[in-house]
1. Looking at region 32-47, can you tell me whether even one residue there is among the small types (G, A, S), modelled with pLDDT under 85 and either out of contact with any Asp or Glu (no Cβ under 8 Å at 6 or more places or on another chain) or closer than 15 Å to A6 by Cβ (or both)?
2. Condition test on A105, is it modelled with pLDDT of 90 or more and either in contact with a strand residue (DSSP E or B) (Cβ under 6 Å, 6 or more places away or on another chain) or closer than 18 Å to R8 by Cβ (or both)?
3. Among the residues of region 52-102, which ones are modelled with pLDDT under 50, touching a Ser or Thr at 6+ places or on another chain (Cβ under 7 Å), surrounded by fewer than 19 Cβ atoms within 10 Å (Cβ to Cβ) and of a type outside the set (D, E)?
4. How many residues does region 1-17 contain that are buried (at least 16 other Cβ atoms within 10 Å of the Cβ) and either aromatic (F, W, Y) or outside any helix (DSSP H, G or I) (or both)?
Amino acid sequence: MNSTRAQRDLQCLDRLIADFGGTDNVHQSKGSTGSLHEHLQAARRYLLGSMAGEYSLSLRLAKESVASLSDKTKRTELKTILRSLIDPEEPKEQAEAGDTGLAIASRVEPVPAH
């Protein structure tokens, strides 16, 4: 991943962690274990460590954890952002991501096959 893309992805993850990671400003369903926050934090660590496979997996797990958000608008918004980080082959979204102020502008390079 080039450094410009990595920097954009890092900024996006930092914003997601701030906006979606905690329970203070997003109501989560009962029984939520905070896995969304954990997966976002893990993705950030793996991005910083240049661990592409683990980064991609953490993003996918975060996307699965989005179901814990009770706000449908936030769920849809977060899924769109995570999908743009996960799949670089999908067309680039031009719309801003709701009230977070995040433009969906970054992509993750594919994980090489082993």
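1. As a first pass, look at region 32-47 and keep what is among the small types (G, A, S): 32, 34-35, 42-43.
Among the residues that remain, those that are also modelled with pLDDT under 85 are: 32, 34.
Applying the additional criterion that residues be either out of contact with any Asp or Glu (no Cβ under 8 Å at 6 or more places or on another chain) or closer than 15 Å to A6 by Cβ (or both) yields 32, 34.
Yes.
2. Against the criterion (modelled with pLDDT of 90 or more and either in contact with a strand residue (DSSP E or B) (Cβ under 6 Å, 6 or more places away or on another chain) or closer than 18 Å to R8 by Cβ (or both)), A105 does not qualify.
3. G98
4. 1
The values are calculated or read from the model by the stated rules, or taken from the named source; none is laboratory data. If you're wondering where the values come from, they're calculated on a predicted model, not measured in any experiment. A quick note on method: Cβ atoms are made from the backbone with ideal geometry, for glycine too, and the neighbour counts reach across all protein chains shown.
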